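Right, one structure below, let's go through it.
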Amino acid sequence: MRTRVGIVGAGPAGLTLAHLLHLEGIDSVVLENRSREYVEARIRAGVLEQRTVDLLVGAGVGERLLREGIVHHGIELQFGGERHRVPLSELTGGKTIVIYGQTEVVKDLIEARLATGRPLLFEVDDVRLEEVTSTRPRLRFRHEGRPQELECDLIAGCDGFHGVCRPSVPPGVLTAFSREYAYGWLGILAAVAPSSDELVYSSHERGFALLSLRSPSLSRLYLQVRADEDVAEWPDERIWAELHLRLGLPGWTLTEGPVLEKGVTGMRSYVVEPMRHGNLFLAGDAAHIVPPTGAKGLNLAIHDVRVLANAIVRWYRSGDESALERYSDECLRHVWRAEHFSWWMTSMLHLPPDEDPFGLRLRLAQLHYVATSRAAATSLAENYVGFEL
Ligand code: APR
Ligand code: PHB
């Protein structure tokens, strides 16, 4: 088999790249090791920046997103028994965010890909990369029990943090930068109307909590827990009791509902530089991850593949490699802005296990500053809606 761009991974990065290339008439093959059912059921984040929405709509895959996505103009910060609204749109010249699950984005992209008739292979095993520094890099894999070989011009490593593309780069080529956090999030999806119209980020003495949503009848809620927390220790009643404590306010009630899904995710900041090795280009979680507090992961992944698709198109059109050469630097500028913002939001809102009284007072001073200074709130807002570098 032969294609122009071999894409490993059918998450938002791989599928969006495949679609952007298709719109320009460029062939690609997408290889995904999970089943379609698994990928379409996996619950992930749900906040889309305006430019992410614009890209998906512009690419013709935003029809359901425009119908079902919920536009938000602000978020709430809660601490010291009070909520403070950060009016995102007012502070950013009218920009908004849209609540629409990553799972739904992925479903829409899979449907669009299948409609093109171009290859998207699920349940592919043992993907291996060969000769990525040559002009004929290859992907070897097994599909339906048979070994396959795919010759490409370029390979896009869109296979997430635990994928094979980044580890296939020889030692010493990439530099990794990372930070681990001593806590994680216990997340639930609950069949109940969200108790607040806007997202509530609560910094509480018992730890952080977040009230989010997926639809008018589905709530998404998170609790800060230990990074190695066993979800079995959290029966539904305990989760709700803790959510009431951390999100509760006099005169406001959190409405409970059946828990449809629950899980614990660890938190980490991680970046590799550069995001390219020869003709292998890393994009999305394969190259960088952020803690979820700033809601940046999906948006960064989409940004990477927009830059990559434009660079690939230019190269095929005119033989001009300069945009491909700039790919890594161009993405990393955005990545580091989002890394800083995500780390900052995370550090401000979470209770570290070893926090001393000085540390607590610094965090509270920062929260008060964001809640009272228009300049500080604007800084949060312009990053949250997506900062244009
Ligand atoms: N071979 C083929 N596919 C693989 C392999 C492999 N060896 N390893 C992983 N994959 C697939 C995964 O099953 C997944 O479907 O690659 C895909 C990677 O998708 P994501 O993890 O969603 O990563 P990305 O597309 O970069 O999107 C980033 O996902 O994790 C969230 O918070 C993150 O919102 C961000 C978004
Ligand atoms: C979510 O709804 O899953 C969500 C929202 C905001 C975040 C992180 C996750 O910061």
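The values are calculated or read from the model by the stated rules, or taken from the named source; none is laboratory data. No experiment lies behind these values; they were computed from the predicted model shown. So basically every Cβ, Gly included, is an ideal-geometry build from the backbone, and we count neighbours across all protein chains shown. Surface areas here come from the heavy atoms of the whole protein model, side chains and all, with no ligands, DNA or RNA. Shrake-Rupley method; radii C 1.70, N 1.55, O 1.52, S 1.80 Å.
Once you have the Kirkwood Rh of region 245-311 from its Cα pairs, apply Stokes-Einstein at 20 °C and 1.002 mPa s and quote D in µm²/s. Using the Kirkwood radius from Cα pairs, D works out to 140 µm²/s. Backbone geometry of region 69-77 corresponds, through the Karplus equation with coefficients 6.51, -1.76 and 1.60 at θ = phi - 60°, to 3J(HN,Hα) couplings of x, 10, 7, 10, 10, x, 10, 10, 10 Hz, x marking Gly and Pro.
Applying the Karplus relation 6.51 cos²θ - 1.76 cosθ + 1.60 with θ = phi - 60° to region 148-162 yields 3J(HN,Hα) values of 10, 10, 10, 8, 10, 8, 9, 10, 9, x, 10, 9, x, 5, 9 Hz, where x marks Gly and Pro. Report note on the peptides 142-150, 101-109: ranked by the mean count of other C-beta atoms within 10 Å, highest first, their order is 101-109, 142-150.
Roll a 1.4 Å probe over the protein chains and send me the accessible area per residue for the chain in Å².
Result: 43 Å² per residue.
The calculated FRET efficiency for the pair GLU111 and ARG361, based on their C-beta separation and a Förster distance of 51 Å, comes to about 0.50. In order along region 88-93, the Karplus-derived 3J(HN,Hα) couplings, from 6.51 cos²θ - 1.76 cosθ + 1.60 at θ = phi - 60°, round to 3, 5, 4, 8, 10, x Hz, and Gly and Pro are given as x.
Given a 1.4 Å probe and every protein chain left where it sits, what share in percent of the accessible area of the chain is carbon and sulfur? Display every interim value, and only then the final one.
Values: 8450 of 16640 Å².
Within the chain, the accessible surface is 51 percent carbon and sulfur.
How large is log10 of I(q)/I(0) for region 43-90 at q = 0.27 Å⁻¹ when the intensity is taken from the Debye formula with one equal scatterer per alpha-carbon? Values, matching the q order: -1.04. Listed by chain and number, the lysines whose alpha-carbon sits under 19 Å from that of LYS296, ignoring those within fewer than 8 places in the same chain, are LYS95.
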